[in-house]
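The values are calculated or read from the model by the stated rules, or taken from the named source; none is laboratory data. Keep in mind the model is a prediction, meaning the values are calculated, not measured. Every residue, glycine as well, gets a Cβ built from its backbone with ideal geometry; the counts of neighbours run over all protein chains shown. Heavy atoms of the whole protein, side chains included, go into the accessibility calculation; ligands, DNA and RNA do not. Shrake-Rupley method; radii C 1.70, N 1.55, O 1.52, S 1.80 Å.
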Amino acid sequence: MRVGISRREWLRLASSTAAGLALTHQPALAATADQQRASLTQPGIEPNTIKRRGTGLRGYDPQRVSPGYTLFSPLQGGGMVVLIDLEGAVTHTWNMPYPPGLYGYLTDKGTLFYNGKIPNDTFMGKLAFQGGVALEVDWNGEALWEVRQPDHHHDGRLLRNGNVLLSCATALPADVADQVKGGISGTEDNGTIYADYIVEMTTGGEKVWEWHVWDHLDTASHPITQPSDTRAEWAHGNTVIELPDGNILLSMRDISTIVRINRQTDEIDWELGPPPLSGAHAVNPLANGNLLIFDNGPYRVDQTTVTSAETPFSQVLEVDPTTNAVVWKYQEGANFFSALISNAQRLPNGNTLVNEGQFGRIFEVTRDGDVVWEYVNPYFGPNTAQPKAQTNNVFRAYRYTADEIARARAAS
């Protein structure tokens, strides 16, 4: 199992004709050597580090890339959902009525399911990961339905039965909150700790099922993993997804835990925690029964102490849930790290699409860890921030085949 190449090595390879990559360059890179040297000494160097390193398509290997189109919702895009081809060209956009809260994806029907943001004056409503609304639109952006839930955050999914599954949060009961361990003492929200629950509702807004994390996980034995986190939240769910058998996977960043909820009994029948997990996001079931996980790695209990911290790193893990063994991983050491957000997707040719979300870096790797496609989100914001402080975060990104895109077009 080979570790992926570093960003520095990737950029070196991308600049070499011997690497055999089809590259798209910034205009300055296509200039003569004299012009390039002159541009480097001119005043007004790009103040934003990510922009300065280059955005848009960084390179790809046509022989090894998995064909298709990549969809993402720039968190600073104001509600725009973007579809790009392998050369980084925008082939379609949806202009949604709400900012992302936090992303959209294409359903099996070819429609776009979108989690939108409607801020409110509650504790949850003011946070960056606030949602508040979920809707389904066709290829042309025409809304088919819309539901609102003020404490919805991070994730929502369309179930096979046509209902909607939403990740939500509310205040923990006081006696349960008293058992929460970890985090910075005194950082509760005026004494309140918020925690997750899941709601299933119809597209007409009728609630048909509700499940509370604290009724099924012991707060005392599932502490807040990272010592520097606040105690305003416990669990902090970031993913809800339906398995082929109808059971539900729930990923929770603050306690570095993923669980499987049995829909027949409502009980947790599988769990994975730290280690190996550290602030993980976006658990994704695979056709072979394994789970693909973006493991963020802000604080690893098996490698880090409060007084002596190792360099943090992210990794993509494929886990066999029958044994909890890691059967494949992608890791670049300190060159690959997103403390928050992010996801990974297994592609039809066996490669893996990875979204290093905090840097807007979306790339594809082979089973051996070779990078064969790389794109950096060029949409930065907010415009009210200083240029060097603007970000290009992407919560999740997905690759779709040409057939899947054709089906989405036809669904209109």
Could you tell me the center-to-center distance, by alpha carbons, between region 132-149 and region 279-300 in angstrom? 28 Å
For the pair Asn262/Asp245, report the inter-label distance in nm, with labels modelled 7 Å from Cα in the Cβ direction. 0.9 nm
Amide H of Tyr400 versus every other amide H placed in the peptide plane: which residues, excluding those fewer than 5 positions away on the same chain, fall under 5 Å? Tyr69, Thr70, Leu71
Given the Cα-Cα distance of Asp189 and Glu404 and 0.36 nm per residue of separation, how much length would full extension add, in nm? 72.9 nm
So who's got an amide H within less than 5 Å of the one on Trp209, skipping anything under 5 residues away but keeping other chains? H placed 1.01 Å off N, in plane. Glu200
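If I take every Cα pair under 8 Å that is 6 or more residues apart in the chain, average their sequence separation and divide by the length, what percent do I get for the relative contact order?
Relative contact order here is 16 percent.
Just check region 239-366 against the gyration tensor rule for me: Cα atoms, a ≥ b ≥ c as the square roots of the eigenvalues, rounded for a/c under 1.5, and otherwise prolate or oblate depending on whether a/b exceeds b/c.
oblate
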Given labels modelled 7 Å from the Cα in the Cβ direction, how far is it in nm from Lys109 to Glu87? 3.5 nm
Going by amide H atoms built from the backbone, whose H comes under 5 Å of the H on Met96, apart from near neighbours? Met80, Val81
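Given a 1.4 angstrom probe, I'd like the percentage of the accessible area of the chain that is carbon and sulfur, rounded to a whole number.
Working: 8740 of 17610 Å².
The nonpolar share, carbon plus sulfur, comes to 50 percent.
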Along region 190-200, Karplus-curve 3J(HN,Hα) (6.51, -1.76, 1.60; θ = phi - 60°) to the nearest Hz, with x for Gly and Pro, reads 6, x, 9, 10, 9, 8, 8, 9, 10, 10, 9
If R₀ is 30 angstrom, what is the calculated FRET efficiency for the pair Glu271 and Ala389, using the beta carbon separation as r and rounding to 0.05? 0.20
Once label points are set 7 Å from the Cα along Cα→Cβ at both Thr323 and Ala143, what is their separation, rounded to one decimal in nm? 4.9 nm
Calculate one ³J(HN,Hα) per residue across region 208-215 by plugging θ = phi - 60° into the Karplus curve 6.51 cos²θ - 1.76 cosθ + 1.60, and present them in order as whole Hz with x for glycine and proline. 10, 7, 9, 9, 9, 4, 5, 7
List, in order, the whole-Hz ³J(HN,Hα) value for each residue of region 48-65 obtained from phi through the Karplus relation with A = 6.51, B = -1.76, C = 1.60 and θ = phi - 60°; use x for Gly and Pro. 8, 4, 5, 4, 4, 7, x, 10, x, 5, 9, x, 7, 10, x, 7, 10, 6
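What accessible area per residue comes out for region 87-223, rounded to a whole number of Å², with a 1.4 Å probe?
Per-residue accessible area for region 87-223 comes out at 42 Å².
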For region 200-257 and region 84-125, write down the distance between their C-alpha centroids in whole Å. 22 Å
How many lysine pairs are close in the chain, with Cα atoms under 26 Å apart and the two 8 or more places apart or on different chains? 9
